[in-house]
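Have a look at the structure below before the remarks.
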Amino acid sequence: MAANILTFVIALVLAAGTALAIHRLLRSSTTALLDEVVGLKAATTFYFRMLCLSLFLSAATGILGGSFDLKPDARFMEYVWKIAAVLSSAFTGMLIALLVFLSVVTILVAVLRRRDQR
């Protein structure tokens, strides 16, 4: 039982850490882009809060959707494969969230770009 809980916690920490790393990598350049295109600081803050929320929720959904019911006599590699399987679904959810965010930002840039740059 304790090994299953530890497996769940490790998977949750890895998924949350990955979501945080993605958010940190995208923050500076995309903030500058949104500030330039939209021109509203509140809009930039809103979009990045939504990105952060969607990344963390999709990561949590992937982890909580998995089952951690390995037998007590399971080998170490069975726990590793269980973590990898659950992280796969969490990463898929984060990828979908990133693609939706990219689509929204692309539409914003295309629609709101400066008129004199055409």
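Points worth noting:
- By the count of neighbouring beta-carbon atoms within 10 Å, fewest first, S88, S58 end up ordered S88, S58.
- Summed over qualifying helices (DSSP H, 4 residues or more, each -39500 (n - 2.57)) and divided by its residue number, the chain shows a 222 nm mean residue ellipticity of -30000 deg cm²/dmol.
- Assuming charge only on the beta carbon of Lys and Arg (+1) and of Asp and Glu (-1), the dipole of the stretch 2-117 about its Cα centre is about 280 debye to the nearest 20.
- Over the chain, relative contact order from alpha-carbon pairs under 8 Å, at least 6 apart, %: 38
- Cβ-based charge dipole, the chain, positive-most Cα from F56, A32, A21: A32
- Across G93, G39, G62, mean-square fluctuation computed from a Gaussian network of the chain (C-alpha pairs under 10 Å connected) peaks at G39.
Each value in this text was obtained by applying a stated rule to the coordinates, not by laboratory testing. The structure presented is a predicted model; accordingly, all values stated were derived computationally and were not measured. Cβ atoms come from the backbone with ideal geometry, glycine included; neighbour counts cover every protein chain shown.
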